[in-house]
Amino acid sequence: MQVHGFLLPPNRFPLLPSTPPSSIPIPTQSAAPLIRCTSTSNTTSQPLPLSISDAELAARGIRVRRCSAGLDLEALNAVFARVGFPRREASRLRVALEHTDALVWLEENGEAGEGAPVAFARATGDGVFNAVVWDVVVDPALQGTGLGKAVMERLLGDLRDRGIVNIALYAEPKVVGFYRMLGFAADPDGIKGMVYSRRKNKR
Amino acid sequence: MPKLVCFLKNNVSQVIEPPSKVAEEELPQQQEVVLLERTQNDGTSEQIVFSSAADVDVYELQALCDKVGWPRRPLSKVVASLRNSYMVATLHSITTSHGSGNCILCKLTDGKEQKQLIGMARATSDHAFNATIWDVLVDPSYQGQGLGKALVEQVVRALLRQDIGNITLFADNKARAQFRSSGRARFFQMRAGVPFFRFRRAFSGGVDRTSVRFRRLMVKLHPPPSMASLASSGFVVWAMKAFSSSSSVRDLGFGRMALVLPSLALADLALFVFVDFYRNLGFEADPDGIKGMFWYPRY
């Protein structure tokens, strides 16, 4: 019945799959949210293709880090400031990083010094169904060299390995194209991203 | 207390215990608000209580999801997701009977409290800057009384009290995803479970023409005609054309939308309702052109 085919389109956006893919490990009840600081996972799913391998990054003197330990928050704040993000109080930033589900940053060996990030991305969520990606930055001096893609691909891979299928983010107009290239869709099925606005509330 | 386990390159795992003092301070405090109180004719009184840190019985939650028409999710995952959420807000209906009647049953149940989960919303957060609200649901038999609005309002207030400045959400209707995947059978179940029109009337004030038209349509379609009969009349073919020619249903306009396949139209109307609902609560869609994006991996 052809009509049927129209009524049952493939579930393009697996926001809430009724049957989870078999490769998704069910977390144990006792497990606290872990920041897994390495991409080695025990899942059988195919690793996501990386546009720049760790080895290639290493050849450029850049190391991939997946743990907030050793990250110089002042240096991170400096990168935030350079791309025009608001500066964050170090103590609160530390709290936020402790409660971050997945985190990838790139460290450059050289003049920037130990713990200084040249690219950064993190995701918060419930560790099971949903994740939201925040604070994706690349040092302006190194923008356009594939580092943004490198951190995002690794972050998405880490989230996917943990079975998180609903990965979202809020993108400024000028970076929508970048995320599209990574496989993100804007307002899929008309889903609207909404932000609480204090100024409206003050009325 | 989440532990940070770092696997270093030389395979030595190092456990970093974050200071526990800080963590306890920043957890949302238990907060209960009585939103509504009413007495029934039979002497029982009902309280609707909002709580931002109540325990959620996952079986009760599953029953609630069933009522609303959301797809079932593995309970172990639901438990984990609730535990990992920064705030789990609930609406409970607490019924107390005062035994005003003479019957034995009334005396037996005198003073006993019955607590029922009728709504839930949760928020994930980094405990400092950002929070995202997910899974807002209210028991259909309690919809249309402003409880959904009160629920989200209280969650926002509680988050602001924790000094979390960036509160976001994705306005969608879970029923859509479900019904796109499972088609028609689910639609009729959903129609029974989610009274969209009532929802709209309750939150945007007044009955608009669309909802009236929809209700009429629903009445007409009860019992719904079979798809085969619709197809033979050429209706489905027309609806397909109408839908495939526009990427957004908004372009079709409300008038025509009511004529499109009722299942699809209902789902899309529901989204407008939800966006409107959150807009009335102080949320802004796409502020400064910022787009909500979802990963749609091609793996």
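Listed here are the pairs B:Lys67/B:Lys115; A:Lys174/B:Lys149; A:Lys149/A:Lys192; A:Lys149/B:Lys149; A:Lys192/B:Lys77; which of them are more than 28 Å apart at the Cα? From B:Lys67/B:Lys115; A:Lys174/B:Lys149; A:Lys149/A:Lys192; A:Lys149/B:Lys149; A:Lys192/B:Lys77, over 28 Å: A:Lys174/B:Lys149; A:Lys149/B:Lys149.
Cα centroid separation, region B:116-137 to region A:49-82: 31 Å. Distance from a point 7 Å along Cα→Cβ of B:Leu160 to each backbone N in region B:273-287: keep the residues under 12 Å and list them by number. Residues B:281-283 qualify, since their backbone N sits under 12 Å from the label point.
The loop-placed GluC sites (Glu not before Pro) in region A:52-161, going by DSSP, that have at most 11 neighbouring Cβ atoms within 10 Å of their Cβ come out as A:Glu111, A:Glu114. Measuring r between the beta carbons of A:Ala55 and A:Ala141 and using R0 = 25 Å, the FRET efficiency lands at 0.65. Shape class for region A:51-186: rounded, because the ratio a/c of the largest to smallest gyration tensor axis (alpha-carbon atoms, square roots of eigenvalues) is under 1.5.
Here, each number is a calculation from the coordinates, and none is a lab measurement. Computed from a predicted model, the values in this text were never measured in an experiment. Note that each Cβ is placed from the backbone with ideal geometry, even for glycine, and that neighbours are counted across all protein chains shown.
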